[in-house]
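Take a look at the structure below.
The values are calculated or read from the model by the stated rules, or taken from the named source; none is laboratory data. Computed from a predicted structure; not experimentally measured. Ideal geometry is used to build each Cβ from the backbone, glycine not excepted, and the neighbour counts take in all protein chains shown. Heavy atoms of the whole protein, side chains included, go into the accessibility calculation; ligands, DNA and RNA do not. Shrake-Rupley method; radii C 1.70, N 1.55, O 1.52, S 1.80 Å.
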Amino acid sequence: MAEQTLVLGMADLMVVPAPVKLVTLGLGSCVGLVVFDTYAKVAGMAHIMLPDSRGLRGSEKIGKFADTAVPALLEEMLKKGATRSHIKAKLAGGAQMFSLPGASADFLTVGSKNVSETKAKLLKFGIALLASDTGGNKGRTIEFSTSNWMLKVKTLGKGVTEI
């Protein structure tokens, strides 16, 4: 059976059974997180925009924040047959896209904060981070294939890497 390609937008979160290719575009300071269980043949992806949801209204998409996306992804993985001890993760993104004179440090470091918070949440839930491609100042697009469980990272001006 051929892999179906599903594209996630900003702040989206999706968990699906194989065969599938999950894709998200335009990762600047955002983080693309992939979690997967090769035994259960289930994978999920979130396009995380911000590190945490504190102080925000409840109307936001759950995939928008690292502190809500990670537990939501894991819960959906378990519902679809994954075993917590078999779930692994890969991530990409978290670039510092701009350097603006007079801009606040918080604004400029959102990418590194997204990476740090996502890694902290994975650690909290005992999920092994197998590989990452983060930082820098270039945008990325990612594709995760359940045919080989590889994350293809396309970085502007740098080319393609598989992790």
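Taking into account only those residues within the stretch 124-157 that are charged (D, E, K, R) and in contact with a strand residue (DSSP E or B) (Cβ under 9 Å, 6 or more places away or on another chain), which is nearest to A46 (Cα to Cα)? Give the steps one after another, and end with the answer.
Residues of the stretch 124-157 charged (D, E, K, R): 124, 133, 138, 140, 143, 152, 154.
Checking which are in contact with a strand residue (DSSP E or B) (Cβ under 9 Å, 6 or more places away or on another chain) leaves us with 133, 138, 140, 143, 152, 154.
Values: D133: 15, K138: 19, R140: 14, E143: 12, K152: 15, K154: 17 Å.
Residue satisfying both the conditions and the ranking: E143.
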Quick one: would you say L56 is over 11 Å from the mean Cα position of the chain (by Cα) and among the aliphatic types (A, V, I, L, M)? yes
Scanning the stretch 27-56 residue by residue, the ones that are surrounded by fewer than 20 Cβ atoms within 10 Å (Cβ to Cβ) and more than 23 Å from S116 (Cα to Cα) total 4
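In this structure, does M97 turn out to be among the aliphatic types (A, V, I, L, M), over 11 Å from F125 (Cα atoms) and at pLDDT below 95? Lay out the reasoning, then the answer.
Numbers: among the aliphatic types (A, V, I, L, M): yes; over 11 Å from F125 (Cα atoms): yes; at pLDDT below 95: yes.
Against the criterion (among the aliphatic types (A, V, I, L, M), over 11 Å from F125 (Cα atoms) and at pLDDT below 95), M97 qualifies.
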Give the residues of the stretch 125-163 that are free of Cβ contacts under 8 Å to residues at least 40 places away in the same chain and either open to solvent by 50 Å² or more (accessible area, probe 1.4 Å) or hydroxyl-bearing (S, T, Y) (or both), sorted by residue number. N148, M150, K152, K154, T155, L156, G157, K158, V160, T161, E162
Checking Q4 against (1) surrounded by 14 or more Cβ atoms within 10 Å (Cβ to Cβ); (2) over 15 Å from G93 (Cα atoms); (3) without any contact (Cβ under 8 Å) to a residue 60 or more places away in the chain, only one condition comes out false. Which one? (1)
Condition first: open to solvent by less than 40 Å² (accessible area, probe 1.4 Å), over 18 Å from Q96 (Cα atoms) and touching a helix residue (DSSP H, G or I) at 6+ places or on another chain (Cβ under 7 Å). Can you find one or more residues in the stretch 16-26 that meet it? no
Examine the stretch 61-84 for a residue that is under 12 Å from the mean Cα position of the chain (by Cα), of a type outside the set (D, E, K, R), open to solvent by 50 Å² or more (accessible area, probe 1.4 Å) and modelled with pLDDT of 95 or more, and state whether such a residue exists. no
